[in-house]
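First up is the structure itself, then whatever we jot down about it.
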Amino acid sequence: MALVESITIPLGLKMPAFELKDPSGKIYQSDTVYGSKGLLVAFTCNHCPYAQAVWPRLIQLAQEAQKLGVNTVGINPNIHPGYPDDAPDRMKEKIKEWRISFPYLVDETQEVAREFRAQCTPDLYLFDSSHQLVYHGRVDDNWKEPSQVKKRELKEAIQNLASGKPISERQLPSMGCSIKWRD
């Protein structure tokens, strides 16, 4: 698996609107998944070891964030015949197995990932209530060993967003497997 980092995207960027289905066919629109304080958008998948390592932390963080008025949505852009572990049926299995409590959506055409300029899984975006990008970076400072984490940048950004405090502009990129783009 080739390691790729998220690219720098200017803070303040307006969130692209989207309409995607979950693996069961239920349609979600970006405006309807928003929390009162904001939205965390996580481009992720099932098979990438970096995404797998972060999933438990993302699920826990999403539960904490929702209590603060920040909702979460996962988007899988790796709908590619060469990666059957990321297929919608496998997503259904992971939703149940991992007890994912937020929408985990299928980006079948990969257009949404392209509009966000997502590069890797996971690639994380935090938007405020006016749909402006306030954080685009990693979950924390140790993707591989949760017990070794010293700094939880995404959690801090969510807490600051919810409480109206400034969010640090020093944001380190997320890293993971490259998105499996179709030709």
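The values are calculated or read from the model by the stated rules, or taken from the named source; none is laboratory data. As the structure is a prediction and not an experimental result, all values here were calculated from the model. Methodologically, a virtual Cβ is constructed for each residue, glycine included, from the backbone with ideal geometry; neighbour enumeration extends over all protein chains shown.
Residues that are assigned to a loop (DSSP other than H, G, I, E, B) and within 15 Å of V73 (Cα to Cα) within the range 85-128 comprise R99, I100, S101, F102, P103, D107, A118, P122, listed in sequence order. Looking across the range 172-183 at every residue that is surrounded by fewer than 18 Cβ atoms within 10 Å (Cβ to Cβ) and among the charged types (D, E, K, R), the one that is nearest to A65 (Cα to Cα) is identified as R182. Determine whether E111 is of a type outside the set (G, A, S), farther than 23 Å from A162 by Cα and in contact with a Pro (Cβ under 6 Å, 6 or more places away or on another chain). Considered against the rule, which asks whether it is of a type outside the set (G, A, S), farther than 23 Å from A162 by Cα and in contact with a Pro (Cβ under 6 Å, 6 or more places away or on another chain), E111 comes out as no. Evaluate the following for S129: is it among the polar types (S, T, N, Q) and in contact with a Lys or Arg (Cβ under 6 Å, 6 or more places away or on another chain)? Judged against the criteria, S129 is a match.
Quick check on I79: is it in contact with a strand residue (DSSP E or B) (Cβ under 7 Å, 6 or more places away or on another chain), part of a loop (DSSP other than H, G, I, E, B) and among the aliphatic types (A, V, I, L, M)? Give the steps one after another, and end with the answer.
Numbers: in contact with a strand residue (DSSP E or B) (Cβ under 7 Å, 6 or more places away or on another chain): yes; part of a loop (DSSP other than H, G, I, E, B): yes; among the aliphatic types (A, V, I, L, M): yes.
Yes.
Restricted to the range 98-115, and to residues there that are among the polar types (S, T, N, Q) and surrounded by fewer than 17 Cβ atoms within 10 Å (Cβ to Cβ), the residue that is farthest from T8 (Cα to Cα) is S101. The conditions of being at pLDDT 95 or above, surrounded by 13 or more Cβ atoms within 10 Å (Cβ to Cβ) and on the phi < 0 side of the Ramachandran plot are not met by Y83.
Within the range 145-171, how many residues turn out to be part of a loop (DSSP other than H, G, I, E, B), surrounded by 10 or more Cβ atoms within 10 Å (Cβ to Cβ) and not polar (S, T, N, Q)? Walk me through it before giving the result.
Initially, the range 145-171 is screened for residues part of a loop (DSSP other than H, G, I, E, B), giving 145, 149-152, 164-171.
Imposing the further condition that a residue be surrounded by 10 or more Cβ atoms within 10 Å (Cβ to Cβ) reduces the set to 149, 151-152, 165, 167-168, 171.
Restricting the remaining residues to those that are not polar (S, T, N, Q) gives 149, 151-152, 165, 167.
Count: 5.
The residues on offer are Q60, Q52, and the sole one that is part of a helix (DSSP H, G or I) and under 27 Å from K165 (Cβ atoms) is Q60. For the range 22-38, what are the residues that are in contact (Cβ under 8 Å) with a residue 12 or more places away in the chain and among the β-branched types (V, I, T)? If the condition is that a residue be in contact (Cβ under 8 Å) with a residue 12 or more places away in the chain and among the β-branched types (V, I, T), then V33 is the only one that fits.
Rundown of residues vs (1) surrounded by 20 or more Cβ atoms within 10 Å (Cβ to Cβ); (2) under 20 Å from S174 (Cα atoms); (3) modelled with pLDDT under 95, yes/no style:
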| residue | (1), (2), (3) |
| --- | --- |
| P23 | no, no, no |
| Q29 | no, no, no |
| V33 | no, no, no |
| A65 | yes, yes, no |
| K92 | no, no, no |
| K96 | no, no, no |
| R117 | no, yes, no |
| C120 | yes, yes, no |
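Looking at V41, V73, can you tell me which residue is touching a Pro at 6+ places or on another chain (Cβ under 6 Å), within 23 Å of R99 (Cα to Cα), in contact (Cβ under 8 Å) with a residue 24 or more places away in the chain and surrounded by 18 or more Cβ atoms within 10 Å (Cβ to Cβ)? Lay out the reasoning, then the answer.
Working: V41 fails: touching a Pro at 6+ places or on another chain (Cβ under 6 Å).
Just one listed residue meets the conditions, V73.
Against the numbered list (1) in contact (Cβ under 8 Å) with a residue 24 or more places away in the chain; (2) closer than 20 Å to K92 by Cβ, Q52 comes up short only at (1).
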